[in-house]
Amino acid sequence: IAGITQAPTSQILAAGRRMTLRCTQDMRHNAMYWYRQDLGLGLRLIHYSNTAGTTGKGEVPDGYSVSRANTDDFPLTLASAVPSQTSVYFCASSDSLAGETNEQFFGPGTRLTVL
Amino acid sequence: LAKTTQPISMDSYEGQEVNITCSHNNIATNDYITWYQQFPSQGPRFIIQGYKTKVTNEVASLFIPADRKSSTLSLPRVSLSDTAVYYCLVAVYSSASKIIFGSGTRLSIRP
């Protein structure tokens, strides 16, 4: 069982280029999330999805878009990358957005550098 | 939004009990309190979650006073492998847009 996989592991990208970070989970979780973590700081929520076909904005959504065509995949797209988007990106999933417990399972992260 | 305040860093020694306190003065009625652990170059890992009073699992205990404006993560008999960053998170999970991780507490365990 892989849990959550992210690709690529790392990427160096020229400013202005388009980039899609991939995230796949095999736990059949309804909810998925994208976070960014800047050096030495905590995680900030970019976008989330309650279930396939729905998405929502988190704390820092500008410059990013997501889609949720099916349960397993939740790609994050940077339409035109800027240096301030240099960060480590974590994808996460949880069994349900509502309810008493909400343990999120995180992927290994994608380290993105925009030059 | 219920933001959290934690100490930036803490030091302790192997075999000691470590208590990390998180303040969340604006916690809402429906918010749950969750703690995560993060090692370098890894994603966070869930430790424990609670709503009120005390919760205990195989790795930690979580103490929440009646007013719920703070919480304390207790790690019994820490080892070197407990060196990590610990995040306190307060959120009502039916509103994911309100999930906010703080800056975390960097815990260093010494031999």
Subtracting the Cα-Cα distance of A:Thr20 and A:Asp38 from 0.36 nm times their residue separation yields 4.6 nm
Counting only Cα, what are the radius of gyration and maximum Cα-Cα distance Dmax of chain A, in Å? 13.3, 43
When Lys and Arg each count +1 and Asp and Glu each count -1, what net charge do the other residues less than 10 Å away from A:Ala81, Cβ to Cβ, add up to? +2
Could you list A:Val82, B:Val55 so that the one with the fewest beta carbons within 10 Å of its beta carbon is first and the one with the most is last? A:Val82, B:Val55
I'd like the per residue volume of the convex hull spanned by the Cα atoms of segment A:50-115, given in cubic angstrom. 98 Å³
Magnitude of the Cβ-charge dipole (Lys and Arg +1, Asp and Glu -1) of segment A:1-49 about the Cα centre, nearest 20 debye, reported as 160 debye
Rounded to the nearest Å, the spacing of the alpha-carbon centers of segment B:1-34 and segment A:1-73 is 26 Å
Provide the gained length on full extension for the span B:Glu58 to B:Gln42, in nm with one decimal, where the gain is 0.36 nm per separating residue minus the Cα-Cα distance. 3.6 nm
Efficiency by 1/(1 + (r/R0)^6): what FRET value for B:Lys69 and A:Glu103, r their Cβ-Cβ distance, R0 = 22 Å, to the nearest 0.05? 0.40
What whole-number value in cubic angstrom gives the convex hull volume per residue for the C-alpha atoms of the protein assembly as shown? 118 Å³
Taking the beta-carbon count within 10 Å as an exposure proxy, list A:Ile46, B:Ile100, B:Ile8 from fewest neighbours to most. B:Ile8, B:Ile100, A:Ile46
Mean-square fluctuation check for chain A, GNM, Cα pairs under 10 Å: which of A:Ser80, A:Ser67, A:Ser93 is largest? A:Ser80
Projected onto the charge dipole of the protein assembly as shown (unit charges on the beta-carbon of Lys, Arg, Asp and Glu, signs +1, +1, -1, -1), the Cα from A:Asn50, B:Ile47, A:Pro83 with the largest positive-side position is that of A:Pro83
Evaluate the relative contact order of chain B (contact order divided by residue number), counting alpha-carbon pairs under 8 angstrom at least 6 apart; express in whole percent. 36 percent
Anyone know which of A:Gly63, A:Gly53, A:Gly42 comes out most mobile in the 10 Å Cα GNM of chain A? A:Gly42
Scale the Cα Rg of chain B by the rule-of-thumb value 2.2 N^0.38 Å and send over the ratio, two decimals. 1.02
Sequence gap of 8 or more, or different chains, plus Cα separation below 22 Å: how many lysine pairs satisfy both in the protein assembly as shown? 10
Any idea what the dipole of the protein assembly as shown comes to, in debye rounded to 20, about its Cα centre with Lys/Arg Cβ at +1 and Asp/Glu Cβ at -1? 440 debye
Modelled label-to-label distance, A:Thr113 and A:Thr5, 7 Å Cα→beta-carbon offset: nm? 2.6 nm
Restricting attention to segment B:2-62, which chymotrypsin sites (Phe, Trp or Tyr not before Pro) occupy a DSSP loop and are surrounded by at most 16 other Cβ atoms within 10 Å? B:Tyr51
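Just so you know, all these numbers are worked out from the coordinates, no wet-lab data involved. Just so it is clear, the model here is predicted, and its values are computed rather than measured. Every residue, glycine as well, gets a Cβ built from its backbone with ideal geometry; the counts of neighbours run over all protein chains shown.
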